[in-house]
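The values are calculated or read from the model by the stated rules, or taken from the named source; none is laboratory data. Because the structure is a prediction, the values reported are computed rather than measured. Positions of Cβ are generated from backbone atoms using ideal geometry, with glycine treated the same way; all protein chains shown enter the neighbour counts.
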Amino acid sequence: MEIKIAVRQFIAENVLLAVHQTTIEDATPLVSGGLIDSIGMIGLVAFLEAHFKVEFDPREINVHNLDTLQQIEELIRKKLASREAGAAK
Amino acid sequence: MYGLEMYGPKMYGHEMPDHEPTNMNVRIASAAYAVPPDGETVEAVLERERDRVRTTLAPLSPQARQKAAEGLGLSRVRVCGSQQPYDLVREAAAAAITDAGITGPDINLILDYSTFPGENSQSLSLAHKLSADLGAETSMNLSFKAGGCGALHLAIKTALGWMRTDETIRTALLVTGDTAPAGNRSLLPVTVQGDAGSAVILRREGPEGPLLLGVEAMTLGHLHDAIALVKTNGHLEIKVDALRIENEVMPIYYLNLYRLVQKVLAASSLSLHDVDHFIYSNISRRDRDGFRRMVGLPEGGLSEGGLALTPMAEYGHTFASDLVINYVHLRREGRIRPGQLLLFASAGIGFMWGVTLARA
């Protein structure tokens, strides 16, 4: 839940600028819907990597993984879980 | 205002080792290009290739299909008639050699990075044929095919590698000559291709020309077939996977370019504010606009550094020759002054991204 809130807030304030964050639903298509373009991706990916302390493989940055808040949350959760599993070893 | 600069250098993917050029004194001694005299309107190209264009764009949404043909900013393309790309390369190389004040035998290394040297190309390697024709009898010759319009950076990086490991290599000639396979000028939703040849001469301890400060390149092999070359009925065909371009290439297109730009600048303790001229590809007006936004220039800002001077509307997208063409035009217009910082950037099929930094 916290992941989506943070990402929603970042997108609303930095990428979509004037759009109020409540208009971004969990399933709102951000990239394929034209809300975030290729330039917006620069900021979004930088935010995700810095805020959640994760790193993306270039293959992961595509519309299949980052098109909606739901997808973004799933990917971040997977990365965090993988990091925790690695730390526990 | 450089709004994205808060996101500092950060890289991933298949990168090449960095910083090697900074401890060598290598200059861009000269550059030249050649285009064939014959031309064709982009409208005529798209009409002639309408079935191919329709098939390519079919998987896209109606909105994306409409967008594909808008904002190209290309009116005409130059097309090889009786000439071959090699003829253009030879012409450009001769001009670059004269401009650099050298002769053929002075050349120690010839790198040919043509992506589409022509189906009827009779030589095993343009570099070898050029070596013979220019009288560069002792030059090391290498042809490689990679990177499309980003390949200039690969060629520069490769030349620097040779110079670093072989003291005898002091002058390198980098060439590309490209022509679209018959019936394949449209690369929509990306661009429309024109034919050109170009040449760049790099000189170690050269007396003049912009000093290379750094070059960065990265490749991502998993996108090799987003734009692929296939042989159909014995002829080369360019297959553009519009969906993959839309879904997999575009989300990282400027991201990777931006990160390379940041990296090459950071390596020289410089920032985007220090760049005087951005020299970028002529893929389309909307792509140039994307790059302008990426580097944080105001609307029309890239015009100062090249768009107004580039003949992209007349030549179309000429793959890796774009950067050479735009650089030559900047020089011809007397826009490049001593001490100014030049940033060359481009990305191309493969996929690959590249950035080169030089001080005039």
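Listed by first and then second residue, the pairs linking a residue in region B:162-175 that is more than 15 Å from residue B:320 (Cβ to Cβ) to a residue that is among the acidic types (Asp, Glu) and at pLDDT 95 or above, with Cβ atoms under 7 Å apart and 6 or more places separating them unless they lie on different chains, are B:171/B:106. I'd like to check something: does region B:180-198 contain any residue that is in contact with a helix residue (DSSP H, G or I) (Cβ under 9 Å, 6 or more places away or on another chain), surrounded by fewer than 24 Cβ atoms within 10 Å (Cβ to Cβ), without any contact (Cβ under 8 Å) to a residue 40 or more places away in the chain and of a type outside the set (A, V, I, L, M)? Checked against the condition, which is being in contact with a helix residue (DSSP H, G or I) (Cβ under 9 Å, 6 or more places away or on another chain), surrounded by fewer than 24 Cβ atoms within 10 Å (Cβ to Cβ), without any contact (Cβ under 8 Å) to a residue 40 or more places away in the chain and of a type outside the set (A, V, I, L, M), region B:180-198 yields no hits at all. Listed by position, the strands (runs of 3 or more DSSP E) contained in region B:226-315 that have at least 1 residues being at pLDDT below 95 and surrounded by fewer than 18 Cβ atoms within 10 Å (Cβ to Cβ) are B:227-232, B:235-240.
Listed by position, the helices (runs of 4 or more DSSP H) enclosed by chain A that each have at least 3 residues that are within 14 Å of chain B (Cβ to nearest Cβ) and surrounded by 13 or more Cβ atoms within 10 Å (Cβ to Cβ) are A:38-52, A:63-66, A:69-88. Exactly one residue out of B:131, B:125 is surrounded by fewer than 24 Cβ atoms within 10 Å (Cβ to Cβ), of a type in the set (S, T, N, Q) and at pLDDT below 95, and it is B:125. Note on region B:211-225: residues that are in contact with a helix residue (DSSP H, G or I) (Cβ under 9 Å, 6 or more places away or on another chain) and not in a strand (DSSP E or B) total 4. Filtering B:94, B:100, B:68 for residues that are touching a helix residue (DSSP H, G or I) at 6+ places or on another chain (Cβ under 6 Å) and surrounded by 16 or more Cβ atoms within 10 Å (Cβ to Cβ) leaves a single hit, B:68.
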